[in-house]
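S.K.: Can you read through this structure? Questions will come right after.
The values are calculated or read from the model by the stated rules, or taken from the named source; none is laboratory data. This is a predicted model, so every value here is computed, not measured. Cβ atoms come from the backbone with ideal geometry, glycine included; neighbour counts cover every protein chain shown. Just so you know, the surface numbers come from the protein's heavy atoms only, side chains and all, with ligands and any DNA or RNA stripped out. Shrake-Rupley method; radii C 1.70, N 1.55, O 1.52, S 1.80 Å.
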Amino acid sequence: MSELVTGEAVVLGLRPARLPSRALAVCVDLVIVWVIYLALTLALLVSVDSLDPAALAAVQVGLFMVVLVGLPIAVETLTGGRSVGKIAAGLRVVRDDGGPIRFRHALVRGAVGVVEMQLLFGVVACTASLVSERGRRLGDVFAGTLVVRERSPRLRQTTVPQPPRWCTAEFAGLDLSRVPDALWLAIRQFLLRAEQLDPAVRHSMAEQLADDVIERTGAPVPQGMPAISYLAGIAAERREREARRSFGSPGMPSSPGMPSSPSSASQPSPQAQAQAQAQAQAQPSSSTATPPPSRPASEREGSAPGGGEDGPPTPRTGFIPPS
């Protein structure tokens, strides 16, 4: 991995191409351009028979410059640093700062490449690529470019082993409040990369993380369960609790400490309303005193028993506010 710093001070992690992949790309490109060059030369010789040797030599030089020099430069310029061979090998030419190349970069690379790869049979290019830390040939050094690997190796899909279903009830009753966030992050990263680790290293790390969880929860690993399955079950239980606490469904009981719905707390039930109406009808009709309008709870608690309806309520302290 090579760290390149862009003009915006952004560090790019690029993988420079090495000699085998670059040699494969160059061979494919040279075969293509030489086939095109020989085909055009034969077609020109067959179609034009009256050319003298000087004119024929000039035509061959022109074809050499157009096909063997100009064609690779044009292809790299138009495709942003990708030729047919580089596409096949999964490579791309970029600038030293990671940006796409321009015509001047492709021109310098192509002009120097004709000398070091075709006229000198690639000896200078291979030597410079082996000596360079980033695998660059002379054309890359003069042009300020770098050939990087654009195609990354495909990683296998990781599967986290699931715990047995009979352990769901045990995980649901665990107290996970003492497990810090740093440990949860370590467990998550381990489970995502468990398949990429050596089996011995994976087992050792799983045992260590499980011991850390047991130390904070006080619940040992169920008998017969691997440590990695225990960690997967603990992580799944925490995700379920987080989802229930954030998006709790209507039919699901609320978590401890969560307030109940305000509509259900403020509105009485139909049975309570019917009972209140029955009590109101059961009161004697001979009552002459009309119940005073309801006052706020603060006034009812602060009023004295003998307070009148028209006057201000008498507080329990005996202080009567001025009118």
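S.K.: Could you check the range 122-145 and list, in sequence order, the residues that are more than 20 Å from residue 83 (Cα to Cα) and over 38 Å from the mean Cα position of the chain (by Cα)?
M.R.: Correct list: 123, 124, 127.
S.K.: Sort out which residues of the range 102-129 are among the aliphatic types (A, V, I, L, M) and out of contact with any helix residue (DSSP H, G or I) (no Cβ under 6 Å at 6 or more places or on another chain), and write them in order of number.
M.R.: 111, 115, 119, 120, 123
S.K.: Also: Evaluate the following for residue 97: is it of a type in the set (D, E, K, R) and in contact with a Gly (Cβ under 7 Å, 6 or more places away or on another chain)?
M.R.: Details: of a type in the set (D, E, K, R): yes; in contact with a Gly (Cβ under 7 Å, 6 or more places away or on another chain): yes.
In short, yes.
S.K.: Those residues that are of a type outside the set (A, V, I, L, M, F, W, C), touching a helix residue (DSSP H, G or I) at 6+ places or on another chain (Cβ under 8 Å) and under 15 Å from residue 225 (Cβ atoms), I need them from the range 194-212; list them, please.
M.R.: 203, 207
S.K.: In this structure, is residue 168 closer than 14 Å to residue 233 by Cβ, β-branched (Val, Ile, Thr), loosely packed, with under 15 Cβ neighbours inside 10 Å and modelled with pLDDT under 80?
M.R.: It is true that residue 168 is closer than 14 Å to residue 233 by Cβ, β-branched (Val, Ile, Thr), loosely packed, with under 15 Cβ neighbours inside 10 Å and modelled with pLDDT under 80.
S.K.: Scanning for something open to solvent by 80 Å² or more (accessible area, probe 1.4 Å), over 22 Å from residue 234 (Cα atoms) and either at pLDDT 85 or above or in contact with a helix residue (DSSP H, G or I) (Cβ under 6 Å, 6 or more places away or on another chain) (or both), does the range 135-157 turn up at least one residue?
M.R.: The answer is yes; a qualifying residue exists.
S.K.: Which of the residues that make up the range 111-122 are assigned to a helix (DSSP H, G or I) and open to solvent by 50 Å² or more (accessible area, probe 1.4 Å)?
M.R.: 111, 115, 119
S.K.: Follow-up. Working carefully through the options 194, 186, 210, find the one that is at pLDDT 80 or above, touching a Ser or Thr at 6+ places or on another chain (Cβ under 8 Å) and farther than 30 Å from residue 37 by Cα.
M.R.: None of the other options fit; the residue is 194.
S.K.: Further question on the same structure: Look at residue 108 and say whether it is open to solvent by less than 20 Å² (accessible area, probe 1.4 Å) and under 17 Å from residue 143 (Cα atoms).
M.R.: When the stated conditions are applied, residue 108 does not pass them.
S.K.: Which residue pairs have Cβ atoms under 7 Å apart, sit 6 or more places apart or on different chains, and have a first residue in the range 216-228 that is in contact (Cβ under 8 Å) with a residue 60 or more places away in the chain and a second that is open to solvent by less than 70 Å² (accessible area, probe 1.4 Å) and among the hydrophobic types (A, V, I, L, M, F, W, C)?
M.R.: Hits for this filter: 225/167; 228/194; 228/206.
S.K.: A follow-up question, please. Out of the range 73-105, which residues are hydrophobic (A, V, I, L, M, F, W, C), farther than 14 Å from residue 33 by Cβ and crowded, with 18+ Cβ neighbours inside 10 Å?
M.R.: Within the range 73-105, 89, 91, 93, 94, 101 meet the criteria.
S.K.: In addition: If residue 125 meets every condition in (1) assigned to a helix (DSSP H, G or I); (2) under 17 Å from residue 79 (Cβ atoms) apart from one, which number is that one?
M.R.: Going through the list (1) assigned to a helix (DSSP H, G or I); (2) under 17 Å from residue 79 (Cβ atoms), residue 125 breaks only (2).
S.K.: Residues in the range 48-69 that are free of Cβ contacts under 8 Å to residues at least 40 places away in the same chain and either closer than 21 Å to residue 33 by Cβ or in contact with a strand residue (DSSP E or B) (Cβ under 9 Å, 6 or more places away or on another chain) (or both): how many?
M.R.: So the first thing to find is which residues in the range 48-69 are free of Cβ contacts under 8 Å to residues at least 40 places away in the same chain, and the list is 48-67.
Imposing the further condition that a residue be either closer than 21 Å to residue 33 by Cβ or in contact with a strand residue (DSSP E or B) (Cβ under 9 Å, 6 or more places away or on another chain) (or both) reduces the set to 56-67.
Residues that pass the stated criteria total 12.
S.K.: State which residue is surrounded by the fewest Cβ atoms within 10 Å (Cβ to Cβ) when the search covers only the range 16-58 and only residues that are among the polar types (S, T, N, Q) and in a helix (DSSP H, G or I).
M.R.: This residue is 47.
S.K.: Still on this model: Suppose the filter is modelled with pLDDT under 70 and over 30 Å from residue 104 (Cβ atoms); does residue 160 pass it? Full working, then the answer.
M.R.: Details: modelled with pLDDT under 70: yes; over 30 Å from residue 104 (Cβ atoms): yes.
Yes: the conditions hold for residue 160.
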